[in-house]
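What follows is calculated from the coordinates using simple rules that are stated; it is not laboratory data. Given the structure is predicted, the values throughout are model-derived calculations rather than measurements. Using ideal geometry, Cβ is built from the backbone for each residue, glycine included, and neighbour counts are taken over all protein chains shown.
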Amino acid sequence: TGMFDRRKETFTGVTKTYSSKEIRNARRQNILEARNLLDPSLKIIRNNNLGSDPNQLPKIEMRGSRTPPPPTPGQYSQQLKLQYENDPNRPLFILDGFETNLQSIMSLDINRIASVTLLKDAASTALYGSRSANGVVVVETIRPTSGDLTISYTATGTVTMPDLSGYNMMTAEELLKFQELASVGVDAPGPFGVFENEANLLLVKQKHAYRKNAILDGVNSNWMKVPLQTAGTLNHHLSVTGGDGFFNYTLGLSKNGNTGVMKGSENNTNSGYANLNYRKGKITVSNNLTIRGDKREGSPYGSFTNFVRIPPYYRINYAARFLEDQHTEHFVQNNFMAKMSYRFNNPLYNALLPHKNTAISNMITNNLMLHWDLLPFLRVSGGFQYAKTSDQTDFFLSPLHTQFNDAEALQKGSYEQGNAASENYNGFLTLTYNKVIAGKHILTSNVRGDIAKNATSIQSISAVGFATTAEPLLYLANSY
């Protein structure tokens, strides 16, 4: 249950436990991906607009959604969202007896997993109170065992390929025909619709001629393939185990990476851990130390949905700021000068500009546990956890980015930087009574108390106004 060990046959709650072998055979990328394949009750809901972003913290649901979806946000750093967003439908995660966050579970080396248990119903989740309203995911790591000195090395390779077979998009000729039909009639919604005063007639003709000529030249571009790649990663895990009947240890180093199918997106995690276990008589003491560093890079190509929406009659062009740039000036009624324009931004131009979309996290966690068997049927357990994390996010958009087309000169370009630090203390004390009466009746009782202190400090700064030749440095901004 994450609080105490109990035989499944004597537990009335609905649970499901998977071993480390089952997890690795299902999926070696991370724990949750494997559980999603093994157990349909744990759902991973992805935002496909991000194009399989490896830094995306997925929405996890075990007992359904309890709140409506949030509104669609505007343009902002995906890394900042990953850092600070909380999902009200997310289950509670317990790692080796202590509460943890989704990022720690996603970054955990799958070679360290001993078991994963889902607590699904009210009887099993009531242990954690209101925090467990969405279910509980209990993860246990491999504990040290006695034996000769053993050195183990594991390398795992992963190849990720984009799958566009689910898209059935119009060809350039089909799309133009559709736009023509949608533009029939006064104030029609199509791109070639004419206003009642015909003020935009010249612009409409220019737009139609531009696209028709491109189709006659044989242009039928598949923009969806442009920002995508076939990505390969190789993960490494080195561990050393040993010990005798009293003292056991496991030391390990892991280097895990995940390269996304969107060019430039990746997630790298380096971690080290030391698990020590001492047992003598009725007392068992264990200490688990983990140090982890993460670095996440967002793709300079932005959201994948931007490329899905590009009409195929535009040529694939890395140099042009706009894929279509039309302007007209002509006199209409009462000698009024009508000025009209139409532009279609080129995301490939933006992708080659100076760019930052980075998040760096460092964490140190130490868990100290003690078990004391006072009597054959009575055990006292205690634990104390210290955790410290630091996070930094950087998000820079060049002043040449098409997002700033209509901005004032001193407002073009933006830089967002965030720093967060947290320090957490958690402790618990549990008294467990477990006795068999008359050889067939089992009486079990658990009393537990918890204490916790969490302190978090967040600092953020936004800067605007950069010279077109400026590097992505915070101090080069015009204002803050």
- Query: Between rounded, prolate and oblate, where does the range 396-480 land on the alpha carbon gyration tensor, with a ≥ b ≥ c its root eigenvalues, rounded for a/c under 1.5, else prolate if a/b exceeds b/c?
  - Reply: prolate
- Item | Förster-model FRET efficiency, 25 Å R0, residue 433 and residue 154, C-beta, rounded to 0.05 | 0.05
- Item | Sorted peptide list for 244-252, 210-218, 267-275, criterion being average Cβ within 10 angstrom, highest first | 267-275, 244-252, 210-218
- Using a 10 Å cut-off on Cβ atoms, rank the peptides 254-262, 441-449, 383-391 from the highest mean neighbour count down. 254-262, 383-391, 441-449
- Note on the structure: So, with points 7 Å from each Cα along the Cβ direction, the residue 168-residue 406 label distance in nm works out to 3.7 nm
- Task: For an R0 of 60 angstrom, estimate the FRET efficiency from the Cβ-Cβ distance between residue 142 and residue 306 and round to the nearest 0.05.
- Result: 0.85
- Whole-Å distance, taken between Cα centres, linking the range 442-480 and the range 331-394: 9 Å
- Task: Based on the mean of other Cβ atoms within 10 Å per residue, sort peptides 115-121, 470-476 so the most packed one is first.
- Result: 115-121, 470-476
- Query: Are any of the pairs 120/388; 43/453; 177/225; 21/120; 295/412 more than 26 Å apart by Cα-Cα distance, and if so, which?
  - Reply: 120/388; 43/453; 295/412
- Cα-based helix-to-principal-axis angle, 172-181 vs the chain, degrees rounded to 10: 70 degrees
- Message: How tilted is helix 201-216 with respect to the longest principal axis of the chain? Cα atoms for both, answer in degrees (0 to 90, nearest 10).
- Response: 70 degrees
- Query: Which of these values of Cα Rg over 2.2 N^0.38 Å was calculated from the structure shown: [x] 0.93; [y] 1.04; [z] 1.26?
  - Reply: [z]
- Message: If you average the alpha carbon positions of the range 240-268 and of the range 158-232, how far apart do those two centres end up, in angstrom?
- Response: 47 Å
- Note on the structure: From DSSP H assignment alone, runs of 4+ in the chain each adding -39500 (n - 2.57), the sum over residues rounded to the nearest 500 puts [θ] at 222 nm at -3500 deg cm²/dmol
- Message: Taking the Cα centre as origin and putting +1 on Lys and Arg beta-carbons and -1 on Asp and Glu beta-carbons, what dipole magnitude results for the range 261-389, to the nearest 20 debye?
- Response: 520 debye
